[in-house]
1. Step by step: first the residues of region 128-181, then only those that are assigned to a strand (DSSP E or B) and under 17 Å from the mean Cα position of the chain (by Cα), then the one that is farthest from residue 118 (Cα to Cα). Which residue is that?
2. Taking only region 185-204 into account, find how many residues are within 20 Å of residue 122 (Cα to Cα) and part of a strand (DSSP E or B).
3. Is one or more of the residues making up region 61-79 over 20 Å from the mean Cα position of the chain (by Cα) and either closer than 16 Å to residue 145 by Cα or free of Cβ contacts under 8 Å to residues at least 40 places away in the same chain (or both)?
4. For region 95-127, give me the residue count where each residue is in a helix (DSSP H, G or I) and either at pLDDT 95 or above or buried (at least 22 other Cβ atoms within 10 Å of the Cβ) (or both).
5. Residue 201 - would you say it is out of contact with any helix residue (DSSP H, G or I) (no Cβ under 9 Å at 6 or more places or on another chain), farther than 14 Å from residue 140 by Cβ and at pLDDT below 95?
6. Quick test for you: out of 74, 62, 85, pick the one residue that is out of contact with any strand residue (DSSP E or B) (no Cβ under 9 Å at 6 or more places or on another chain), assigned to a helix (DSSP H, G or I) and farther than 16 Å from residue 193 by Cα.
7. Counting only residues that are surrounded by 19 or more Cβ atoms within 10 Å (Cβ to Cβ) and either in contact with a helix residue (DSSP H, G or I) (Cβ under 8 Å, 6 or more places away or on another chain) or assigned to a strand (DSSP E or B) (or both), how many does region 205-225 have?
8. Looking at 234, 252, 244, can you tell me which residue is at pLDDT 95 or above, outside any strand (DSSP E or B) and either touching a strand residue (DSSP E or B) at 6+ places or on another chain (Cβ under 8 Å) or in the same structural domain as residue 105 (by TED's automatic domain parsing) (or both)?
């Protein structure tokens, strides 16, 4: 990949997704897109750029393949336990036993292959069973990768994805299927899986009035400008006093002063104000 080709593709990817490839990552972009060139019978990355830019309907379809190629889908069940403990505390203190009759609305804004939203559903069911307090809830799970979303809908997971799952949870919510674990259909029913591109402002209209948003390990792929746009839109999607949970290595310092950071043991959760 020539430097000029890298620059063209990097800028196009940033425009379409907000994901920014630093110049030292050109080798990674080259590796991830090489199969697309082969599948399309193109001879250079320059050809691929012009196909994406000016290929009409074909280029629109290819953009989905591009999104699949460049996104990272590293995830597993019950990832980062301190954040999940903070989530339990928020649910227990703010949403259970308060007489609420309308559904709790949670958005997993980069759900990848589904482990995060299904973890959230399992935690809620276990918590409500333990506390003998029920509340209706719905979880929206979105991602830019259609390939990852197909895996999420399938709900079939290997030992790597399940490595943090305790045996009684496996037995209760999954069915052993050879060397894999199939999520039970009744758990899937709590999760609505949809395609969404976080860099597109129009996408957020579908996800208003959220009580809690998980957007973990996403902002690290954006530059500061894209981070600010995404965080502003996530803020607008939350109900007053709603909560935003980002990756444990991510911070909103220099990105947004609109949220109030709330400290939990080994975790920080950000809360929207009352307006």
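1. Result: 143.
2. Here the count works out to 4.
3. Yes, because at least one residue in region 61-79 is over 20 Å from the mean Cα position of the chain (by Cα) and either closer than 16 Å to residue 145 by Cα or free of Cβ contacts under 8 Å to residues at least 40 places away in the same chain (or both).
4. Initial filter on region 95-127 (in a helix (DSSP H, G or I)): 115-127.
Filter again for either at pLDDT 95 or above or buried (at least 22 other Cβ atoms within 10 Å of the Cβ) (or both), leaving 115-126.
Residues flagged as in a helix (DSSP H, G or I) and either at pLDDT 95 or above or buried (at least 22 other Cβ atoms within 10 Å of the Cβ) (or both) within region 95-127 amount to 12.
5. Numbers: out of contact with any helix residue (DSSP H, G or I) (no Cβ under 9 Å at 6 or more places or on another chain): no; farther than 14 Å from residue 140 by Cβ: yes; at pLDDT below 95: yes.
Taking the combined requirement at face value, the residue does not satisfy it.
6. Criteria check complete, one pass: 62.
7. Of the residues in that region, 11 qualify.
8. One residue alone meets the criteria, 234.
The values are calculated or read from the model by the stated rules, or taken from the named source; none is laboratory data. Only a predicted model underlies this, so the values are computations on that prediction, with no experimental measurement involved. Heads up, the Cβs are rebuilt from the backbone with ideal geometry, glycines too, and the neighbour counts pull from every protein chain shown.
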